[in-house]
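In what follows, a single structure is set out as C-alpha cells and then discussed.
The values are calculated or read from the model by the stated rules, or taken from the named source; none is laboratory data. It should be emphasised that the depicted structure is a prediction, and the values quoted were computed from it without experimental measurement. So basically every Cβ, Gly included, is an ideal-geometry build from the backbone, and we count neighbours across all protein chains shown. Each accessible area value is taken on the protein alone, full model and side chains, heavy atoms only, with ligands, DNA and RNA left out. Shrake-Rupley method; radii C 1.70, N 1.55, O 1.52, S 1.80 Å.
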Amino acid sequence: MTVVPLHADRRRRLDEVVAELEDTRWAFEVVDSSWRLYHVSAELRELLLDYKEPGEEVPIGEHFVTSRYHPVYSMVTDPSRRRWLRKNVPYMLHADEGAHARIQKMLPPEHVEEIVGLEPSAPPPRWTSDVEFDGREFTGKLRYVGECIHDESGDVIGYLLFYGPSLPARTLGLLTRGDASMFERMASLAEAGRRQAAILFAALDDSTALSRRLPSAVYFDLIRQLVAEMDEVVVTRRGLVGKHTGDGVTAFFLAEEAGSRSGAARLAIETAREIEKVAERVGRSTDAGRLLGPDGWRLNVGIHWGSTVYIGQIATGGRLEVAALGDEFNEALRLQQTARDGAALASKALLERLDAADAAALGIDPDGMIYTTIAELPSAGAKAVRGRGHRRGHRRR
C-alpha cells in the first residue's frame, strides 16, 4: 500500500468525501495521509462542543494523537484513550516508521508505555473499536469504524472514522420509532434554564376506580395506547413530551419554538382539544372500550402559562426526558387535578397570551370572558384552593 502526500488534487478528493458524508448527518472524522485531523463532521462537532466554553473549537490540523488530548475530547475515559493508542498507532507507524519517537513526545508520561514495542502494521480495509465517554456532561459509548480513503490510482490519501451507537440493531430500532424532530428539540435543552412556555397536563379521570374495574392486562393496554396517541398529538404540534406518570402526560410548548408566546398558547389549546378526541379513538380500538363502552373513561386536561418555568433535559443510563420545575409548573398540575368528567381547564394567564389572530382561529374571545377561580369549583382540593389558577371553562365528551 502506497501512502502519498496530500497535494491539491488529493485534497479535492477528500473534500468530495467530506461533502458527500455531511449530507448523511453522521458523526465522522477524516484524517489525511500524514494522520493529521482534516475534518470533523457537523454532528460530531455538536456532540463535542455542546458542553464546552464559547469559542472552543476542534483541533483541525493537529496530529491525530495530539487531537485526542485536546480539551474538546476531555470526556474520553483513560482506558479508552489507551485502547485507542494500541489500536491506531501501529497504522500511523506504517505510514511513517520514524514517527514512533515523535508520537511518544505527544503523549502524557503515563501513556507512553501503551505504544512501547508497537510494530508498524498496514491498516486493513476496515477496522473497528469503541470510545467511551465519562464526563459531567456526557456519558456513554460509541463504536467507530475506520477505513482507508483512496484516490483514483488506489493510493491511500487519508483515513475515515465513522462513529455510531454501540447498540444492537434491534434496540436501535426501538429508539428510532420516536420523532426525530422532537428528539432534536430535546437535545437543544441540554443546558437547562428559564423559558417561556405553555404547560399541559392530561390524565385519566378517576383512574384508580377504572384500574380496579378492568383486568390488569386490559388496563395496561388502554394506558399504553392513550399515552402513545397523546404523545403523537403533542409531537405533531411541535411540543415537547415531558415526564409520564402512570396514566398522565406532560407537555411543553416553548415560545421560542412556536415563534411567539401566542403561538405556544395556541398550540397547547389545540392539543387539549385534540386530546378529547384521543379518548374516543382509543375507545373504539381497545378491549377496554369493548368492556366499558366508548364513553367508559374521560381525559382531564389542565393548561397554564409559564413565564419563568425552569426546563431542561434529564439524561441518564435509563432514560432521556424533559423535566420542569417552578410554581407555574405546579399550577398547571393543580389545574389538571381539579378538572373532572373530561374537562379541559385553561388559566387566565394562558388565554391572555393569545393575540387577536390566534384567538380568532381558536374561536376564543379573551376580552369577553368571565373567569372562575379554582376555589369555586366543587372538585378543588385544599392545595388547588390555595393556588392562583383560573379556569376558562370545560367541555365534556
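Scan region 350-368 for residues that are surrounded by 20 or more Cβ atoms within 10 Å (Cβ to Cβ), in a helix (DSSP H, G or I) and of a type outside the set (D, E, K, R) and jot them down. Of everything in region 350-368, those that are surrounded by 20 or more Cβ atoms within 10 Å (Cβ to Cβ), in a helix (DSSP H, G or I) and of a type outside the set (D, E, K, R) turn out to be LEU350, LEU351, ALA359.
Restricted to region 195-227, and to residues there that are small (Gly, Ala, Ser) and open to solvent by less than 60 Å² (accessible area, probe 1.4 Å), the residue that is farthest from GLY293 (Cα to Cα) is ALA197. Restricting GLY283, GLY293 to residues that are free of Cβ contacts under 8 Å to residues at least 24 places away in the same chain and touching a Gly at 6+ places or on another chain (Cβ under 7 Å) narrows the list to GLY283.
Taking the condition within 24 Å of VAL156 (Cβ to Cβ), open to solvent by less than 60 Å² (accessible area, probe 1.4 Å) and touching a helix residue (DSSP H, G or I) at 6+ places or on another chain (Cβ under 7 Å), does VAL131 pass? For VAL131, the condition - within 24 Å of VAL156 (Cβ to Cβ), open to solvent by less than 60 Å² (accessible area, probe 1.4 Å) and touching a helix residue (DSSP H, G or I) at 6+ places or on another chain (Cβ under 7 Å) - is met.
Being touching a helix residue (DSSP H, G or I) at 6+ places or on another chain (Cβ under 9 Å), in a helix (DSSP H, G or I) and open to solvent by less than 10 Å² (accessible area, probe 1.4 Å) is a property that does not hold for LEU291.
Within region 55-62, identify whether any single residue is open to solvent by less than 20 Å² (accessible area, probe 1.4 Å) and in contact (Cβ under 8 Å) with a residue 24 or more places away in the chain, and answer yes or no. No, region 55-62 has no match at all. Taken over region 8-65, residues that are of a type in the set (Phe, Trp, Tyr) and at pLDDT below 90 amount to 1. It is to be established whether one or more residues within region 257-266 are under 25 Å from GLU280 (Cβ atoms) and either buried (at least 17 other Cβ atoms within 10 Å of the Cβ) or at pLDDT 90 or above (or both). Yes, there is a match, as at least one residue in region 257-266 is under 25 Å from GLU280 (Cβ atoms) and either buried (at least 17 other Cβ atoms within 10 Å of the Cβ) or at pLDDT 90 or above (or both). Apart from one condition, ILE275 fits all of (1) assigned to a helix (DSSP H, G or I); (2) open to solvent by 30 Å² or more (accessible area, probe 1.4 Å); the exception is (2). Candidates are the residues of region 297-319 that are within 26 Å of VAL282 (Cβ to Cβ) and modelled with pLDDT under 85; the one that is surrounded by the most Cβ atoms within 10 Å (Cβ to Cβ) is TRP297.
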